[in-house]
Amino acid sequence: MSRLQKLILAFVSESNAKAMEAESRLWFLKCLRCAFEESVWDIGGIRWKAKGNSRNYRKCTNCKKRSWHQMYKKEAEPNL
(Lines give C-alpha, C1' and ligand atoms only; values in the text may rest on other atoms or scores of the structure.)
Protein backbone atom coordinates (compact mmCIF):
# COMPACT_ATOMS: atom_id res chain seq x y z
CA MET A 1 0.00 0.00 0.00
CA SER A 2 1.37 3.43 -0.93
CA ARG A 3 1.85 6.29 1.51
CA LEU A 4 -0.99 8.18 -0.13
CA GLN A 5 -3.34 5.22 0.27
CA LYS A 6 -2.35 4.78 3.92
CA LEU A 7 -2.85 8.48 4.64
CA ILE A 8 -6.28 8.70 3.05
CA LEU A 9 -7.52 5.40 4.48
CA ALA A 10 -6.49 6.49 7.98
CA PHE A 11 -9.22 9.15 7.93
CA VAL A 12 -12.17 7.09 6.68
CA SER A 13 -14.23 4.32 8.22
CA GLU A 14 -13.28 0.69 7.65
CA SER A 15 -16.29 0.12 5.40
CA ASN A 16 -15.41 3.15 3.24
CA ALA A 17 -11.77 2.03 3.10
CA LYS A 18 -12.83 -1.38 1.79
CA ALA A 19 -15.17 0.26 -0.74
CA MET A 20 -12.36 2.57 -1.92
CA GLU A 21 -10.00 -0.35 -2.44
CA ALA A 22 -12.61 -2.47 -4.21
CA GLU A 23 -13.60 0.31 -6.61
CA SER A 24 -9.99 1.41 -7.22
CA ARG A 25 -9.17 -2.16 -8.26
CA LEU A 26 -11.83 -1.89 -11.01
CA TRP A 27 -10.17 1.20 -12.56
CA PHE A 28 -7.31 0.48 -14.96
CA LEU A 29 -4.67 2.42 -16.84
CA LYS A 30 -3.84 1.02 -20.28
CA CYS A 31 -0.66 2.05 -22.09
CA LEU A 32 -1.60 3.10 -25.61
CA ARG A 33 1.90 2.17 -26.84
CA CYS A 34 2.20 -1.46 -25.63
CA ALA A 35 -1.37 -2.17 -24.34
CA PHE A 36 -0.13 -3.06 -20.83
CA GLU A 37 -2.82 -2.65 -18.15
CA GLU A 38 -2.56 -2.15 -14.40
CA SER A 39 -5.12 -1.16 -11.80
CA VAL A 40 -5.13 2.26 -10.19
CA TRP A 41 -4.87 0.59 -6.78
CA ASP A 42 -1.78 -1.41 -7.78
CA ILE A 43 0.09 1.74 -8.84
CA GLY A 44 -0.66 3.40 -5.50
CA GLY A 45 -3.73 5.45 -6.36
CA ILE A 46 -7.33 5.69 -5.24
CA ARG A 47 -10.24 6.27 -7.60
CA TRP A 48 -13.55 6.18 -5.75
CA LYS A 49 -17.00 7.35 -6.85
CA ALA A 50 -15.44 8.61 -10.06
CA LYS A 51 -16.83 8.88 -13.56
CA GLY A 52 -15.32 9.42 -16.96
CA ASN A 53 -12.36 7.98 -18.80
CA SER A 54 -9.35 10.26 -18.68
CA ARG A 55 -5.96 10.06 -20.36
CA ASN A 56 -2.70 10.47 -18.48
CA TYR A 57 0.79 10.99 -19.85
CA ARG A 58 3.10 8.84 -17.75
CA LYS A 59 5.90 6.30 -17.88
CA CYS A 60 4.71 2.76 -18.54
CA THR A 61 5.97 0.17 -16.08
CA ASN A 62 6.08 -2.44 -18.85
CA CYS A 63 7.71 -0.76 -21.89
CA LYS A 64 9.49 1.92 -19.80
CA LYS A 65 8.49 4.65 -22.30
CA ARG A 66 6.51 7.80 -21.59
CA SER A 67 3.19 7.55 -23.39
CA TRP A 68 -0.52 8.21 -23.06
CA HIS A 69 -2.49 5.89 -20.80
CA GLN A 70 -6.26 5.49 -21.05
CA MET A 71 -8.06 5.21 -17.72
CA TYR A 72 -11.23 3.15 -17.76
CA LYS A 73 -13.39 1.11 -15.43
CA LYS A 74 -13.82 -2.64 -15.90
CA GLU A 75 -17.13 -3.97 -14.74
CA ALA A 76 -16.99 -6.40 -11.83
CA GLU A 77 -17.29 -10.01 -12.88
CA PRO A 78 -20.46 -11.69 -11.64
CA ASN A 79 -20.03 -14.42 -9.04
CA LEU A 80 -21.06 -17.79 -10.43
* Structure fact -> If we ask which residues in segment 60-72 are in a loop (DSSP other than H, G, I, E, B), surrounded by 12 or more Cβ atoms within 10 Å (Cβ to Cβ) and of a type outside the set (S, T, N, Q), their number turns out to be 2
* To do: Would you be able to tell me the number of residues in segment 2-51 that are on the phi > 0 side of the Ramachandran plot and not basic (Lys, Arg)?
  => 2
* Asked: If we scan segment 52-59, do we find a residue that is part of a loop (DSSP other than H, G, I, E, B), modelled with pLDDT under 95 and either touching a Phe, Trp or Tyr at 6+ places or on another chain (Cβ under 8 Å) or of a type in the set (S, T, N, Q) (or both)?
  -> yes
* Asked: Any idea which residue in segment 17-62 is nearest to Leu7 (Cα to Cα), counting only those that are β-branched (Val, Ile, Thr) and within 13 Å of the chain's Cα centre (by Cα)?
  -> Ile46
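The values are calculated or read from the model by the stated rules, or taken from the named source; none is laboratory data. It should be emphasised that the depicted structure is a prediction, and the values quoted were computed from it without experimental measurement. For neighbour counting, all protein chains shown are included, and Cβ atoms are generated from backbone atoms with ideal geometry for every residue, glycine included.
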